[in-house]
Every structure is written in structure tokens, then in C-alpha cells.
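To keep things clear, I will list the structure first and then write my remarks on it.
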Amino acid sequence: MRVGTVKRKTKETSIEVELNLDGTGVYDVKTGIGFLDHMLEQLSRHSLMDLKVRADGDLHIDFHHTTEDSGIAIGEAFAAALGDLKGIRRYAEAHIPMDETLTRVALDISNRPYLIWKVEFSRDKLGEMDTELFKEWFQAFAQAAGITLHVENLYGTNNHHIVESCFKALARSLRDAIEIDPRCADAVPSTKGVLGGSL
């Protein structure tokens, strides 16, 4: 199985992540931020990746460092689990509706990280979490995982639905993109024979 483990410690956060790409969507997430835990649980359940996260951060300041650093650590574990990228489908997209909301995610596991974020909120906070931090999480994850990631909320009014549809669309896209294609299971999905950088 494709498994990645990361331990990341700074003066701001201490985070441990275990990620199994070939799991069944089992999760055990404790970041100290209730809404972020809920989103990471959605990510695990709908991607079928098993995910364990333990984060201890400087929440007495704000949620920024824990949110960003959890994205980095999960992205690093994801990249480690993928290894040489052989056999993956690489590209995927998903449209996820939640009641009045529809969000589209398209991604390329290319080792060339980039984020396009076309998501707007009408509220500054969801629970105790600043809505501006969701972009920080997606940016950190895309950078560390080596993913070109486009996230666009096509329409919606409920901020909870908008965020949750973003995470679920990411999850379903990852589920498809990391799947091994039996027709080219031993090949890197690129005419270059390698993925990443300026190659």
C-alpha cells in the first residue's frame, strides 16, 4: 500500500500525519480546530484515503499556523505516499453540489504546484475559524503535494456549504487522480518520462 508519514515541528506547531492512499476513508483527526477537523474528515471519507492527524499549535494566537501547517504536513505525506508517480491517472475533476451550492475542482498531480482559488465568502468566520484561512490550507496542501489545483465555487450562498463542497470536490478529484491505471501501471504519465519542475 502507498503510505506516507510526516512529523513536522516548528516553534508554532507540532504536527504528525499518517496517510494511506489505498485506504477506505477511515479518519482520526485532531487539530484543535473543530471546523478544520470536520473538513479533513470529509477529505478522508470522500477520497477513501485513511488519514490520521495530530496537531498541537499556537491556537492562543489564532488558527493561521495550525491551518497552514496541517496543509503542508498532509501534502508532504501525500507526496511521500505517491512516490515516483508511476501508474496514476494524474488528471481528474469533480463537480460537487451541496443544496444551493456547486463547486468544481480540477487538478493535475504534476509535481508543479499551483493554486487557482475562485471562492468568495460573505462571512468572515465559520464557527471560530476565519474563512480566509481555507485558501491558506489549499495553498499549503497544493504546494507540498506538488499539485496544480483549480478550485472554483460556481455558485452558492451558504458559506458552510461552499467550504465543504470545496473539500469534497478535492477529495473526489484526488480519489480519481491517484487511482492506478491498469493500462500503464508501470509508466509515469508523461511523455517526458518524469513529472516535475521545468522538465
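In this structure, residue 142 qualifies as outside any strand (DSSP E or B) and in contact with a Phe, Trp or Tyr (Cβ under 8 Å, 6 or more places away or on another chain). Restricting attention to segment 145-168 and to residues that are touching an Asp or Glu at 6+ places or on another chain (Cβ under 7 Å) and of a type in the set (Ser, Thr, Tyr), the residue that is farthest from residue 99 (Cα to Cα) turns out to be 148.
So in segment 157-199, with the set limited to residues that are buried (at least 16 other Cβ atoms within 10 Å of the Cβ) and β-branched (Val, Ile, Thr), which one is modelled with the lowest pLDDT? Selected residue: 188.
It is to be established whether one or more residues within segment 72-95 are within 20 Å of residue 163 (Cα to Cα), open to solvent by 60 Å² or more (accessible area, probe 1.4 Å) and aromatic (Phe, Trp, Tyr). No, segment 72-95 contains no residue that is within 20 Å of residue 163 (Cα to Cα), open to solvent by 60 Å² or more (accessible area, probe 1.4 Å) and aromatic (Phe, Trp, Tyr). Residues of segment 96-112 that are open to solvent by 20 Å² or more (accessible area, probe 1.4 Å), modelled with pLDDT of 95 or more and out of contact with any strand residue (DSSP E or B) (no Cβ under 6 Å at 6 or more places or on another chain): 97, 98, 99, 100. The set of residues in segment 43-67 that are closer than 17 Å to residue 166 by Cα and buried (at least 20 other Cβ atoms within 10 Å of the Cβ) comprises 43, 44, 46, 47, 49, 67. Within segment 22-34, being touching a Phe, Trp or Tyr at 6+ places or on another chain (Cβ under 9 Å) and open to solvent by 10 Å² or more (accessible area, probe 1.4 Å) holds for one residue alone: 32.
The values are calculated or read from the model by the stated rules, or taken from the named source; none is laboratory data. All values reported here derive from a predicted model rather than from experimental measurement. Ideal geometry is used to build each Cβ from the backbone, glycine not excepted, and the neighbour counts take in all protein chains shown. Just so you know, the surface numbers come from the protein's heavy atoms only, side chains and all, with ligands and any DNA or RNA stripped out. Shrake-Rupley method; radii C 1.70, N 1.55, O 1.52, S 1.80 Å.
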